[in-house]
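Please read the structure below before turning to the comments.
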Ligand SMILES: CC(C)(COP(=O)(O)OP(=O)(O)OC[C@H]1O[C@@H](n2cnc3c(N)ncnc32)[C@H](O)[C@@H]1OP(=O)(O)O)[C@@H](O)C(=O)NCCC(=O)NCCS
C-alpha cells in the first residue's frame, strides 16, 4: 500500500471511491473532509488544498491522503492528518481520521494506512498523535490498538447533529 496526495490525475478513482460509499448507503466518508458533499472532484480538491494551508487561530493545517494498493489504481481509503490539536480537536476528532472503502474492509487496509501515516506525522513534528472513535466502533478501536494506541479517556461529546455520543481517546507515539 502507498499513500498519495490527491491531484487531478485521481479524479476517476476518487469518484469511484466516493460512489462506493453512496452505494453502500453510508452518509459520511471518514478522513476525507466531507468528500460526500462534493459531487465535483475539483471542488473537493480545492477544499483539501485550502485546508493544507489553513493558518487561522481556530484552524489547523490538515493533509489528506488516498491509500492505494498498487498495481491497481483503486483508492481503498482516505486518511487525514490534522497538524495541530485545536481545543475542539482535542475534545473530539483528534489528529487523524480515516475510512476504508466499504467493499474493501476486513482486509487489514486500515491498519496499513494508519501505520503509513505515522512517519508523516513525525516529519511534521508530532511526537504522538491523538485519535478518537465511537466507543461502539470496535473495528476502529482495534485498528488503533494494532498501531500502538494507548487508551487515554472515554467521554461524552456531541456528534455532527448535536446528539450525545460516547467516544474513546487514544495516543499513538510516532516512532
Ligand atoms: C474502521 C475501519 C476504518 C476499519 O477498516 P478495515 O480496513 O476494515 O480494518 P482492518 O481490516 O485493518 O481491521 C483491523 C482490525 O479490526 C478488526 N475488525 C474489523 N472489523 C471489525 C468489526 N466490525 N468488529 C470488530 N473488529 C473488527 C479486524 O479483525 C482487525 O483486527 P485484527 O488485526 O486483530 O484481526 C472501517 O471499518 C471503516 O472505514 N469504517 C467506517 C469509518 C470509520 O469508522 N472510521 C474510523 C472513525 S474513528
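The values are calculated or read from the model by the stated rules, or taken from the named source; none is laboratory data. Treat the numbers as computed from the prediction; the structure is a model and nothing was measured. As a convention, Cβ positions derive from the backbone with ideal geometry for all residues, glycine included, and neighbour counts pool all protein chains shown.
For the reader, a short list of remarks on this structure follows.
- The residues of the range 159-170 that are over 13 Å from residue 93 (Cα atoms) and outside any loop (DSSP other than H, G, I, E, B) amount to a single one, 164.
- Only one of 124, 167, 144 that is in contact with a strand residue (DSSP E or B) (Cβ under 7 Å, 6 or more places away or on another chain) and either within 21 Å of residue 3 (Cα to Cα) or at pLDDT below 95 (or both): 144
- The range 123-139: number of residues that are surrounded by 22 or more Cβ atoms within 10 Å (Cβ to Cβ) and either out of contact with any helix residue (DSSP H, G or I) (no Cβ under 7 Å at 6 or more places or on another chain) or touching a residue at least 60 places away in the same chain (Cβ under 8 Å) (or both): 1
- Within the range 120-152, being within 16 Å of the ligand (Cβ to nearest atom) and at positive phi holds for one residue alone: 148.
- Flag if residue 80 is touching a strand residue (DSSP E or B) at 6+ places or on another chain (Cβ under 6 Å) and within 9 Å of the ligand (Cβ to nearest atom): no
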